[in-house]
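Here's the structure, in structure tokens; my notes come after.
The values are calculated or read from the model by the stated rules, or taken from the named source; none is laboratory data. What you see is a predicted model; the values in this text were computed from it and never measured. Glycine gets a Cβ as well: all are built from the backbone with ideal geometry, and neighbour counts include every protein chain shown.
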Amino acid sequence: MNQTNEGNFQGVIGRTVDDSIPWWPNPENYKKDAPNIVVIMLDDLGFAQLGCYGSDISTPNIDKLAENGLRYNNFHTTAMCSPTRASLLTGRNPHSTGMSFVSEYDSGFPNCRGKVRKDTAMLSEMLLEEGYNTFAVGKWHLTPGKEQKHTGPFDGWPLGRGFEQYYGFLRGATSQFHPELVEGNQRVSQPKSAEEGYHLTEDLTDKAIEYIRAQKSEAAEKPFFCYLSYAAPHAPHQAPLEFIDKYKGKYDKGWDEVREDWFARQKELGIIPENAQLPSRNPGVKQWNELKEDEKQLFTRMQEVFAGFLEHTDFHIGRFIQCLKDIEQLDNTVIVFLSDNGACGLGGDEGMVNSWIPTSNAVPETFQSKMARIDELGGPKANSHYPTGWAQAGNTPLKLYKTFTHAGGIRCPLIIHYPERVQDEGAIRTQYHHVTDIVPTILELIGSEAPEIYKGVRQKPIHGTSLLYTFDNAEHPTRKQVQHFEIDGNRGIWKDGWKAVTHHKKGISFEDDEWELYDAENDFSESYNLSAKYPDKLKELIEQWWLEAEKFDVFPLDGRTLSEKLLPNKNKQVEQNGPVHRTFYTASAVFNGLLAPDLRNKSFQIRMEIARSSKEDDGVILAHGDNSGGYTLYIQNNRLVFHYNFSNVQQFVIKSTRELPIGMVTITFLLTKTGEDEGIGRMFVNEQLMGQGSVYRLSSLGFSKGLLFIGKDGGNSVSPDYDAPFTFKGQLQKVKYVLGGYQEDLEAIVKEELMTE
């Protein structure tokens, strides 16, 4: 008698224990002596911005990884965050994973669902099957915006894709001082306030260290995979003042001279070849010497903030590495360090003090308003982004930036540190490789293969090429044969040392795009366009691009503007004919701002039922946004207050004219449109009018930047008249919105990542 529900039971089951033989399966399925895997990803880090890649920014801990590992100068990404992350974690080209653009956007086609497909398993899922413990910490940006809510679905969240632990933020960008945090599948509050010294980079590092120390305490021989994905140095550029002030005066000479200095240093380091050329300035970048003195003052400070931000990140990476040393795991850990794309040039000519303004459909900041806030740069009151000129320097000597398929968008730093395997310490590798190559490298390193079927789903083959061969041989020709690129209509292809590339202009047919041709083997910075000299080679590469695009799910091409891209989504989600009711029952709760009621440029009503036992029962009833923009309803000094912060440019405040009664109270805030982008706000207490006032800029009221808090302001105070969280002391029964229609604010959230107008 051997029947059992355990199909692999290897003992004997008799009628009694006396005539039975017990058997216990081995619970440990991991490979002995398998290395730990750590992937550290920075966000919007340019090719030249690390010290070991040529800059004068202090990054000693990252430089130490390079000194004891390998640096790659011919490594490429997809030019944008979500597609790069999808390729990094799956080993497939981004369109084939369903992630050809940012995760909040679903084009309606399989190559752009904003969600990684189930037939492209992630490295976390593969390593989990190999017995690894898996942790993800930091930026995710692989979950559709519509699924970033309390009810899920959660199969696109980290815990749904093979990670056993997760702590970080789901969206493309967040404040370093007041982030939108998630742990596991739950939104959580930050452990301390900005005033108490909170910074996201430190918090993420603490959590990664906590996960690893706990894992090695309980399963010392079991390997782990830690994906540590910092928000830095993506905008907003924010760091402790002591790091920023180290760079006072260092960049007074301006971006032209800094770019030349970094270029010279790159040659001294050998990170670029001696024959590399420094191209002329990118289109639109002004000559530093032609700027006015106040422009130089503002722009210099913005670069000081960025440099301090990056050094601060390096400091905490040093803490993480020290943890590996302390637990004697550094030598047995493969550390892969990279950036998701090149430096971001979307700060514009003047940079931004409030980089969220484009997400709220607001008028641009004026130069005068930026200068007035220069002392706020880098701190919790500013969400700054440097000008394009500094991004150009950050990509030295490469042309253009993030979102372009020219080298400035796709060629990124890559450092691999693994003392037990890398013998050629401090060396530079020049073989051509791509972000899809990381997964096959790790799998080859641990002696594993990607599954053909995972959880019942037949898998797409791995598209990448392992670069493990480069560990031992600097001279070995690259094993990569061809690599295509496409992002937002911009296209490129590399094959056998030649590269063809085109910047797609909106409104132009793809057939009419002007392609450029470069000898990538001998023209590191893509300085000499050879398209006229070698038309047959260009034609060959263009034809190859179309073949690769067909093979790897690039079609349909989409070169529309962001507004045009999102129009079908808006048409599909046609505003419901009002009234639309949205009711929130949970007090002291937080909700995804993307899914909050859309109040923009329409009449609406907010009705709240509260109970107060004394006049001291004050606090925030609801708040959406933060100090860079948003609205809030709160009780203070026994009066009801509505405060609309329009991007720190204008403040609209309505207060009740009389004190509120004690006990059960029904509060109603009614906004009635009186014209385009303007209206009258009225507040009622138990149906009695208690205050009113004019409100303008309605097209930005209720945009999706930030979170929606009920019963508190859990972020950076929307109103300067209270200090968050300013939790409501009374009882909050429910908050009910009634409005004419509802849409998810997709455009705002996509712009938040891209920083576009």
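Odds and ends about this structure:
- Checking each residue in the stretch 564-602 for being polar (S, T, N, Q), at pLDDT 65 or above and outside the structural domain of ARG697 (by TED's automatic domain parsing) picks out no residue at all.
- Selection of the stretch 401-420 for residues being β-branched (Val, Ile, Thr), part of a loop (DSSP other than H, G, I, E, B) and under 18 Å from the mean Cα position of the chain (by Cα) yields only THR403.
- Considering the stretch 421-447, and only residues there that are part of a helix (DSSP H, G or I) and of a type in the set (D, E, K, R), the residue that is surrounded by the most Cβ atoms within 10 Å (Cβ to Cβ) turns out to be ASP437.
- Close pairs from the stretch 362-387: first of a type in the set (D, E, K, R), partner outside any loop (DSSP other than H, G, I, E, B) and at pLDDT 90 or above, Cβ under 7 Å, at least 6 apart: GLU365/MET352; LYS370/LEU298
- The stretch 65-110, subset polar (S, T, N, Q) and assigned to a helix (DSSP H, G or I), residue surrounded by the fewest Cβ atoms within 10 Å (Cβ to Cβ): SER96
- Of residues in the stretch 144-167 being at pLDDT below 95 and of a type in the set (S, T, N, Q), the one nearest to HIS234 (Cα to Cα): GLN148
- Taking the criterion of being more than 36 Å from the chain's Cα centre (by Cα), part of a loop (DSSP other than H, G, I, E, B) and crowded, with 19+ Cβ neighbours inside 10 Å, the only residue of the stretch 657-709 that qualifies is LEU660.
- Matching residues in the stretch 448-490 - criterion: being in a strand (DSSP E or B) and over 22 Å from ILE428 (Cβ atoms): ILE453, TYR454, VAL457, ARG458, VAL482, HIS484, PHE485, GLU486, ILE487, ASN490
- Here LYS146 meets each of (1) surrounded by fewer than 21 Cβ atoms within 10 Å (Cβ to Cβ); (2) touching a residue at least 60 places away in the same chain (Cβ under 8 Å); (3) in a loop (DSSP other than H, G, I, E, B) with one exception, condition (3).
- Residue that is without any contact (Cβ under 8 Å) to a residue 24 or more places away in the chain and at positive phi, where the choices are GLU260, GLU328, GLU268, GLU293: GLU328
- Test result for LYS381, basic (Lys, Arg), assigned by TED's automatic domain parsing to the domain that holds PRO273 and outside any loop (DSSP other than H, G, I, E, B): no
- Every condition in (1) farther than 28 Å from GLN322 by Cβ; (2) not in a loop (DSSP other than H, G, I, E, B) holds for PHE225 except the one numbered (1).
- Some residue of the stretch 259-279 being surrounded by fewer than 22 Cβ atoms within 10 Å (Cβ to Cβ), among the aliphatic types (A, V, I, L, M), at pLDDT 95 or above and not in a loop (DSSP other than H, G, I, E, B): yes
- Test: residue in the stretch 237-253 that is modelled with pLDDT under 95 and out of contact with any helix residue (DSSP H, G or I) (no Cβ under 6 Å at 6 or more places or on another chain): no
- Take the conditions (1) at pLDDT 90 or above; (2) farther than 20 Å from LYS615 by Cβ; (3) buried (at least 18 other Cβ atoms within 10 Å of the Cβ); (4) charged (D, E, K, R); LYS712 misses just one of them, which is (2).
- Residues (in a helix (DSSP H, G or I) and outside the structural domain of ASP331 (by TED's automatic domain parsing)) located in the stretch 11-53: VAL17, ASP18, ASP19
- Any chance LEU200 is buried (at least 21 other Cβ atoms within 10 Å of the Cβ) and either at pLDDT 95 or above or within 25 Å of LEU377 (Cα to Cα) (or both): yes
- Subset of the stretch 421-440 (residues that are of a type in the set (S, T, N, Q) and modelled with pLDDT of 95 or more): THR430, GLN431, THR436
- Contact map, the stretch 427-441: first residue among the polar types (S, T, N, Q), second residue in a helix (DSSP H, G or I) and surrounded by 21 or more Cβ atoms within 10 Å (Cβ to Cβ), Cβ cut-off under 6 Å, separation 6 or more or different chains; pairs are GLN431/THR470; THR436/SER87.
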